[in-house]
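To keep things clear, I will list the structure first and then write my remarks on it.
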Amino acid sequence: MSDLVEVRAGVYHDSVSLMRVSQALTARTGVEVALVAMATELNVDLARDLGFAVPAATGGDLLVAIRASGDEQLENAAAELDRQLVAGSPGGGSPARDALPRTTRSASRAWDATVALVSVPGEHAFAEACDAVEAGLSVMIFSDNVPVDLEILLKDRARDKGVLVMGPDCGTAVIGGAGLGFANVLRPGRVGVVAASGTGAQQVTSLLDLAGVGVSHLLGVGGRDLSARVGGRSTTQALLALDEDPATELIVLVSKPPAPEVAAAVQELSLSKPVVRALLGPGQDDLTTAVEKVLGALGVPVPEWPSWAAESPPVSGGPLRGLYSGGTLCTEAALIAGTGEFTDFGDDEYTRGRAHPMIDPALRLEALAAVETGVVLLDVVLGHGSDPDPSASLAPAVEKARERGVAVVVALVGTEGDPQGLRSQAARLNEAGAAVFTSNAAAARHARLLIGAS
Amino acid sequence: MTLSMLLGEPRVITVGASVLGEALDQQAVPRTPVDWRPPLPGTSEALARVLADPRRERANALAVGRLLSARPRLVGVRPAHEVLGLEPGTFFHAGPPVTWERASGPMRGALIGAMLFEGLASSPEEAERRLASGDGITLDSCHHHRTVGPMAGVVSPSMWMFEVADAEHGGTAYCSLNEGLGKVLRYGAYGTEVVERLRWMGEVLGPVLQATLRRTGPLDLRSLIAQALQMGDELHNRNRAATSLLVRELAPAVVEAAPERAAEVLRFVNGNDHFFLNAGMAAAKVSADAARNVPGSSLVVAMARNGTEFGIQVSGLGDRWFTGPAGVPDGLYLGAYGPEDANPDIGDSTITETAGLGGFAMAAAPAIVRFVGGDVADAVAATTSMYEITLAEHPAYQIPGLGFRGTPVGIDVTLVARTGLLPVVNTGIAGRVAGTGQVGAGLVSPPAEAFTAALEALTLP
């Protein structure tokens, strides 16, 4: 075995690109493990746990740790690494790279944009978002770990400039048909969505799409927007904007339970268009029911939500384990199941220094492999930005779980237009032995049934 | 409310995870990616605090607006004791304040030369003794007195100064007269020829130029600099076009004002391609000074080196200096000199970069790119990268080769910290041993800590 450990000072690549590089290197014959990541505390610990001798480094340095069966394999892997890092840089290694803007500020001066999409690490997101707002651009902040006082400040500045701050921790938005962040391919239509919940919005819009109803715009506002402190600043802006938008006939507001005083204030906004609220919480409609109400309001018949039953599901009873990538979907499932241990792998504590589980399945697959008995309920979210082929890694893990006697139920959130292919992903997971539902609520009910809870 | 984002086709700036950008490419949504990298180490908290300051955006707009709208005019040439109230034994020097003990070779050499020139010592040894004892000697930074000086930048009472007034905001700034290249005081030389030249400049050049300007009236330096940029100067290491323009403007009046002396004065000015540098520096100084003292502004209003330290001043932080060790320039050397002969970076001439000239305007001066190491593409890249750390583009100072784009002007310490891009500075290189003179010219990087220290200071009330 040969180890290569290197700290490249001041070399930066984003966590998703590095995850891809790590995966590509690990997949090479003769390479046992490859970890290429920014040298955050988490990643350095990870490398040390793998037995690499990591020298002192800071989060601004690039950590390279490769273990191969021999020196030659190691050298080849190192050469491949350099090739991949060049190819993965923003300009793709072309000479034009030098000319790329270095901040959102300079990009906005050189090019006539309408919106900025910020996904740098949270501690640096404020600067880029500030640039956008100061340049008179609306901004989607995909990054999480942004302090709430900075969020408030940014949203106040945005209001003064007549632009919208979507986020922080905003997973999805669809602006005039363009999907930003994690976004399903939606048919254009008459429903406008304001969402303080990314995966909740993806569930709602995907089901609408499956029912043949399109979306005008989906405006994310960030998970904290309806909290008492943030006070619905962006929700208010977004509702007013959709109320003005000629393409929008009806507005859906998707959120985890809002602070009551904020919910009341939002309710008091005088809007000319009907608003359907999908506010997840005890005693509230689940998201699927809310979608059915929207269809009712539009006079569109409710279809049968597609699902694929597992062949001969084991009658397992036993504990229920929820392994989610979407926070709202996780909350909804836990509410419906009423029991079990649920983990949201998209939560801040799992994403510091690494990619979201909708892109990087590693942590969730590990957790799935550790389940020995009972029922596992998990979500797979399709669309732009997400794992291009989630079933490729998940289906084999499902098969193994089934072999251990574990039943697997999948909530598959997506549309027929999504690049991964809704039906092919469903078929693959179903063949592996999972019961698959396009409605998360239906998936949770099925899981509850399997464990024998009433 | 109407959100403009919802009206037209989306056009997206992406900064961060490349996978999210690629997702837009797959949808054929037009986008511009940002080549984002983490800020200078240890600055993220200070950055957030400074960017959150509600005064910043307007303060910077105001400060850089003043820098851009300044209208520097050369209004006179006068002796330093008259305009600056300099007493015998008092010397101004380049850069942040420095003591004799900490002064580098060329700074000491220039002070020795100034002592000899002022008749305060009869030999270099005596001058050095008196300067070291400090008896009757006062040293202060030029910048504290609306003044700038190239290289050592030593100003003594009998030297004659360009006087430049800002017709827009009413400020005034001063800079000494340029002695030429080679063995000159500003590079730390103090031999007989140096002192004799200074004497001639005081007895002939200064008074003749004074009489000349009285005839011509104020000379519009904003316009002259704008023309020189279009003729291949960057106004720091190349002043050939600007000097030629100055000679054209002044020559007839020189002849009228002093027919007997006109030939030697014009020959001297014409024989020194850098003669305009000092007038340009005073123009840059008076422009940058107009941007001073705007509370909350993170705009750099001075960059200066004393041969030991590189210091900056920031609009929102008054007259405080933020310093780091001066670097050794990277460049070409004259004759047998090499990097081991070079003194660390020295001079107030970085006021040109502060005002959007010099290294920031490198793309305007392809003729000297090899002199400062590199090719034309490097010069364009240098200028282009400076747009990343500046607040504005100069409305009058334009670069033909960049489609008459205005030069990058108004360094913002937050942008320096965010991008890690340090100002590009063109400079002459002084010999490290007192008395040597110029040994080369090249490029130098300021110390990042000067900018991060200023950023920290901006977080404090």
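Here, each number is a calculation from the coordinates, and none is a lab measurement. Predicted model, so just to flag it, every value in this text is computed and none were measured. For neighbour counting, all protein chains shown are included, and Cβ atoms are generated from backbone atoms with ideal geometry for every residue, glycine included.
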Could you grab the relative contact order for chain A? Cα pairs under 8 Å, six or more apart, rounded to a whole percent.
12 percent
Ignoring everything except DSSP H segments at least 4 long, calculate the 222 nm mean residue ellipticity for chain A; use -39,500 (n - 2.57) per segment, divide by total residues, nearest 500.
-11500 deg cm²/dmol
What spacing in nm lies between the two simple spin-label points modelled at residue B:231 and residue A:284, each 7 Å away from Cα in the Cβ direction?
7.2 nm
Semi-axis lengths, Å, the range A:359-439, gyration tensor of Cα atoms, sqrt of 5 times eigenvalues
21, 13, 10
Å³ per residue enclosed by the Cα convex hull of the range B:70-283
109 Å³
In the neighbourhood of residue A:210 defined by beta carbon distances under 13 Å, the net charge of the other residues (Lys, Arg +1; Asp, Glu -1) is -3
Shielding of A:123-132 by partners, i.e. mean partner chain Cβ atoms within 10 Å per residue?
6
Please list, in order along the range A:428-437, the HN-Hα scalar couplings obtained from phi with the Karplus expression 6.51 cos²θ - 1.76 cosθ + 1.60 (θ = phi - 60°), rounded to whole Hz, x for Gly and Pro.
4, 5, 5, 4, 6, x, 8, 7, 10, 10
What is the mean projected area of the alpha carbon convex hull for the range B:185-278, to one decimal in square nanometres?
6.2 nm²
Going by Cα centres, the range A:235-304 and the range A:28-65 are how many Å apart?
46 Å
Compute the semi-axes of the equivalent ellipsoid of the protein assembly as shown, taking the square root of 5 times each eigenvalue of the Cα gyration tensor, and list them largest first in whole Å.
66, 29, 21
Report for the protein assembly as shown the percent antiparallel among DSSP-assigned beta bridges with both residues inside it, nearest 5.
55 percent
What does the average come to when, for each residue of peptide B:409-420, you count the partner chain Cβ atoms lying within 10 Å of its Cβ?
2
Taking amide hydrogens as modeled 1.01 Å from N in the peptide plane, which residues meet the under 5 Å criterion relative to residue A:310, leaving out close sequence neighbours?
A:435, A:436
Quick check for me: using +1 on Lys/Arg Cβ and -1 on Asp/Glu Cβ, what's the dipole size of chain B about its Cα centre, in debye to the nearest 20?
700 debye
Counting alpha carbon pairs within less than 8 Å and at least 6 residues apart, what relative contact order, in whole percent, applies to chain B?
20 percent
Here the net charge surrounding residue B:71, from other residues whose Cβ is less than 10 Å away from its Cβ (Lys, Arg +1; Asp, Glu -1), is -1
Give the distance, in whole Å, between the Cα centre of the range A:325-401 and the Cα centre of the range B:133-200.
71 Å
To check you understand DSSP bridge types, tell me what percent of the beta bridges within the range A:88-214 (both residues inside) are antiparallel, rounded to 5.
40 percent
For residue A:64, net neighbour charge (Lys/Arg +1, Asp/Glu -1) across residues whose Cβ lies under 12 Å away:
-3
Per residue, how big is the convex hull around the C-alpha atoms of the range A:337-400? Give it to me in cubic angstrom, could you?
103 Å³
Size descriptor, Kirkwood hydrodynamic radius, that averages inverse alpha-carbon separations across the range A:2-95, Å:
13.1 Å
Neighbour-count order for B:346, B:351, A:359, A:175, fewest beta carbons within 10 angstrom listed first:
A:359, A:175, B:351, B:346
How far apart, in nanometres, would the label points at residue A:229 and residue A:26 be if each is projected 7 angstrom from Cα along the Cα-to-Cβ direction?
3.5 nm
Determine the relative contact order of the range A:254-334: mean sequence separation of Cα pairs under 8 Å and six or more apart, normalised by residue count, in whole percent.
25 percent
May I ask you to list the chymotrypsin sites (Phe, Trp or Tyr not before Pro) in the range B:92-197 that are in a DSSP loop and have at most 16 other Cβ atoms within 10 Å of their Cβ?
B:100
From the phi angles alone, apply the Karplus equation (6.51, -1.76, 1.60; θ = phi - 60°) to the range B:300-310 and give each ³J(HN,Hα) in whole Hz, x where the residue is Gly or Pro.
7, 10, 7, 10, 7, 10, 10, x, 10, 10, 9
How much length is gained if the chain between residue B:216 and residue B:248 is pulled fully straight, taking 0.36 nm per residue apart and subtracting their Cα-Cα distance, in nm to one decimal?
10.3 nm
Would you tell me the mean number of C-beta atoms belonging to other protein chains that fall within 10 Å of each C-beta in A:233-243, as a whole number?
2
Descending semi-axes in whole angstrom, ellipsoid equivalent of chain A, from the Cα gyration tensor:
35, 31, 18
